[in-house]
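Only one structure is covered here, and it is reproduced in the block below.
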Amino acid sequence: MIATLHIQTARRENSTYLKNTYCTVPFKIANITEDKKANQLHLMLMSSSPGILDGDQYQLKIELEEGCSLQLHTQSYQRLFNMKQRASQLLELHLSAHSSFCFLPHPSVPHAQSVFKCINKIYLEDNCSLVFGEILTCGRKLNGEVFLFSKYHSITEVFLNNKLIIKENLLIEPATINLNAIGQLEGFTHQASLIYLHPTAAIKLLNEAVNDYLLKQTGIVFGITGAPANGLIIRILGQKAEQLHSCLKTIATLLPQNLHLKPFANAV
């Protein structure tokens, strides 16, 4: 199945609204914004499919006009079912100047013999804020499926004014890689990553705040590094998907996302 999703947002006075949306089966978009006067728009990405099936090709495109703020939510864990061939997903994200985007999807759960490739291309203009996370599990751990998937490949590229500043390349093929070796997962079964960019955030203080929070968590190891632009890149290894997802959501609350926006000429 080839499925497409296209979201466009715009800013009216001091709030972000859904300007245009188009989606095909199995996608559906729901506006879950509680405060309609707030600048940030909250959208829920929903799917009528139980997960990604063999041969599926998902194509997602999200465009934010100047001054927009969007947080995209997912409905549930992303299951990657048994496959004879493969499935893929392409996400294109375009942020105009002074816009912000937050996306912390539920963890991906690759079933036995699944093959999946995901490409994320993120294009930022000046003075944008970005929070972008990813969590990969070992599979259906409670069912005994620990690293029985065939291949998982995720590539994330972040461009600032069309210049590549961050590229993450996560490739796991359990049959060909000793995941318990030094430099690999070393006994952990779940991993999370988060990219944070903000033009004016106090990165040193935020680094300390995130570090203090993660040090209090049990059963994980982590690393924090400065991004090529003003921001942070965070890695976490653990044993539980829900714990890592909770960590990313809590970290996001510690990271400023708001931008100081000038009111539009037609603002009341």
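Coupling constants for the range 72-83 follow from the phi torsions by the Karplus curve (6.51 cos²θ - 1.76 cosθ + 1.60, θ = phi - 60°), and in residue order they are 9, 10, 10, 8, 7, 4, 8, 8, 10, 7, 3, 9 Hz; glycine and proline get x. Scalar couplings 3J(HN,Hα) for the range 251-259, obtained by applying the Karplus form with A = 6.51, B = -1.76, C = 1.60 to θ = phi - 60°, are 4, 4, 6, 7, 9, x, 10, 5, 10 Hz; x denotes Gly and Pro. Over the chain, what is the percentage of antiparallel beta bridges among all DSSP beta bridges, to the nearest 5? Restricted to the chain, the bridges split so that about 45 percent are antiparallel.
Each of residue 218 and residue 37 was given a label point 7 Å from its Cα along the Cα-to-Cβ line. The distance between the two points is 4.5 nm.
Spacing of the modelled spin labels on residue 28 and residue 143, each 7 Å from Cα toward Cβ, amounts to 2.4 nm.
The residue list 144, 105, 6 was ranked by how far each Cα lies along the charge dipole of the chain toward its positive end, using unit charges on Cβ atoms, and 144 comes out on top.
In the range 71-185, inverting the average of 1/r over every pair of distinct C-alpha atoms gives 15.5 Å as the Kirkwood radius.
Under 14 Å from the Cβ of residue 229, count the other residues' Cβ atoms, weight Lys and Arg +1, Asp and Glu -1, and hand me the total. If you can, show how the numbers build up before the last one.
On the way: positive: 163, 167; negative: 125, 126, 157.
So the environment of residue 229 carries a net charge of -1.
In the neighborhood of residue 193, defined by Cβ-to-Cβ distances under 13 Å, what is the net charge if each Lys or Arg adds +1 and each Asp or Glu adds -1? Don't skip to the end; give the middle numbers.
Numbers: positive: 167, 235; negative: 134, 168.
Charge balance in the 13 Å sphere: 0.
In the context of the full set of protein chains, residues of the chain present 49 Å² of accessible surface per residue (probe radius 1.4 Å, heavy atoms only). With 25 Å as the limit on Cα-Cα distance, the pairs of 36/163; 216/240; 61/204 that go past it are 36/163; 61/204.
Computing percent of Cα pairs over 33 Å apart directly from the structure and comparing it against (1) 28; (2) 20; (3) 11 singles out (2). Given in Å, the Rg to one decimal and the Dmax to the nearest whole number for the Cα atoms of the range 143-258 are 15.6, 46.
Within the chain, what whole-number % of the accessible surface is contributed by carbon and sulfur, with the 1.4 Å probe and all protein chains included in the calculation? Don't skip to the answer; put the middle values down first.
Numbers: 6710 of 13180 Å².
The C+S portion of the solvent-accessible surface of the chain is 51 percent.
Rounded to the nearest Hz, the phi-derived 3J(HN,Hα) couplings of the range 28-36 under the Karplus curve 6.51 cos²θ - 1.76 cosθ + 1.60 (θ = phi - 60°) are 8, 10, 10, 7, 10, 5, 7, 9, 5, where x marks glycine and proline. Between residue 249 and residue 84, the FRET efficiency from the beta-carbon distance, with R0 = 45 Å, is close to 0.80.
The values are calculated or read from the model by the stated rules, or taken from the named source; none is laboratory data. What you see is a predicted model; the values in this text were computed from it and never measured. Ideal geometry is used to build each Cβ from the backbone, glycine not excepted, and the neighbour counts take in all protein chains shown. Side chains are part of the model used for accessible areas, which takes the heavy atoms of the whole protein and leaves out ligands, DNA and RNA. Shrake-Rupley method; radii C 1.70, N 1.55, O 1.52, S 1.80 Å.
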